[in-house]
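Enquirer: To start, I am sharing the structure in question, which I have written as C-alpha cells.
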Amino acid sequence: MKQQHAIPQGFKQGSDITPEKYQALYQESIQSPDEFWRKQALERLVWQKEFTQVAKNNMAEGTISWFEDGQLNASVNCIDRHLPAKADEIAIIWEADSPGQHQKITYQELHDEVCKLSNAMIKLGIKKGDRVCIYLPMIPEAAYSMLACARIGAVHSVVFGGFSPEALKDRILDADAKLLITADEGIRGGKTIPLKLNADAAAAQCPNLEHVVTVAHTKNQVPLHAKDLWYHDIIQGQSTECKPAVMNAEDPLF
C-alpha cells in the first residue's frame, strides 16, 4: 500500500527551498565544493574565529579535516545565536511517555538551564576535554546535559537508557569518563527502567568516575552513595550565564 501526503501550504510557504533552488545548490556543491561549504559555514554558523581553509584531505591516508583553523562553540550555535530575537520562541517541545504530559521550552529557558548545569559541572571540576557519560531517559535534562558539555568543552558520551549495567560500565571505561549523569528511573512504553540501580552497578566498577549526578525524574526512592549528587541540588543557585569555551572545529564534541 502506498500513501502520499501533501506538504501543508503554510509549511511550504515558510520554506526557503524549492526544487529549482535545491538543484542549483546541489550543482554548486558538486562543481565548487570548497566555495559551497565555505558559504554554508559562514552563513549558517557563528564563528569565534573564522577558518581560512575549508577542507584538508588525503585520500591515500584516509584523513580529512574540516575548517581546521576555525573556532566555534556548538552550544552557542544551538542557543545563543537565536537570542535575543527568538528568546521567547519555542526551542524544544518535550513529550513524555505518558500521553498528555508535555513541556514547551523557550530559547531563553534552554539557555538558562544549560548555563546553570555548565556552571555546576565546572564547580565539580569538569574542564575542557574531560568526558561526561549521559545515561538518561528522553527528558529535557538530556538535552541540557549535551549542550552544557558542549558549552564548557567537555566531550559527552550518550548511552542508551535501555542498556545493561555491564554495557554502561564498558562505555564509561572506554571514554574514561569523570562524570555520569543519570536519573532515578526511566519510563519507556509504560515500563519502569531502574536507571540509578544500573548506574550504581556500573559505577562500582569504574574507579576514575568521580561523580554520579541523578535527575529526580519519577521521584521514587533510590539508594545514594559517596559519589552521588542530585541534579536539582548542583544547579541550585548557579548563574544563568556561562562563558562558552572556544573550541577548534576539529575538537571532539561527542
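Any read-out appearing in this document is the output of simple, stated calculations on the displayed coordinates, not a laboratory observation. Small disclaimer: the values here were computed from a predicted structure and weren't measured. Reconstructed Cβ throughout: ideal geometry from the backbone, glycine too, with neighbour counts over all protein chains shown.
Enquirer: Considering only the range 80-178, give the helices (runs of 4 or more DSSP H) lying wholly within it that have at least 3 residues that are farther than 23 Å from residue 193 by Cβ and among the polar types (S, T, N, Q).
Expert: 107-123
Enquirer: Oh, and also: Cβ contacts < 9 Å: first residue of a type in the set (Gly, Ala, Ser), restricted to the range 13-38; second residue in a helix (DSSP H, G or I) and surrounded by 11 or more Cβ atoms within 10 Å (Cβ to Cβ), any location; separation 6+ or different chain. Result?
Expert: Short answer, once both residue conditions are applied: 29/36; 29/37; 29/40.
Enquirer: Another one. Search the range 74-88 for residues that are touching a residue at least 60 places away in the same chain (Cβ under 8 Å) and pair each with any residue that is part of a loop (DSSP other than H, G, I, E, B) when their beta-carbon atoms are under 6 Å apart and the residues are at least 6 apart or on different chains.
Expert: Matching pairs, first to second residue: 74/253; 75/244; 76/46; 76/244.
Enquirer: Find the residue count for the range 179-204, including only residues that are in a loop (DSSP other than H, G, I, E, B) and touching a Leu at 6+ places or on another chain (Cβ under 8 Å).
Expert: Initially, the range 179-204 is screened for residues in a loop (DSSP other than H, G, I, E, B), giving 184-185, 189-190, 194, 204.
With touching a Leu at 6+ places or on another chain (Cβ under 8 Å) added as a condition, the list becomes 184-185.
Selection size over the range 179-204: 2.
Enquirer: Scan the range 153-172 and tell me whether some residue there is without any contact (Cβ under 8 Å) to a residue 60 or more places away in the chain, touching a His at 6+ places or on another chain (Cβ under 8 Å) and either crowded, with 23+ Cβ neighbours inside 10 Å or among the hydrophobic types (A, V, I, L, M, F, W, C) (or both).
Expert: no
Enquirer: Given the options 175, 148, 142, name the one that is surrounded by fewer than 21 Cβ atoms within 10 Å (Cβ to Cβ) and either within 23 Å of residue 72 (Cα to Cα) or among the β-branched types (Val, Ile, Thr) (or both).
Expert: Checking each option against the conditions leaves just 142.
Enquirer: For the range 239-254, enumerate the residues that are in a loop (DSSP other than H, G, I, E, B) and of a type outside the set (S, T, N, Q).
Expert: Once the filter is applied, which keeps residues that are in a loop (DSSP other than H, G, I, E, B) and of a type outside the set (S, T, N, Q), the range 239-254 yields 241, 242, 243, 244, 245, 246, 249, 250, 251, 252, 253, 254.
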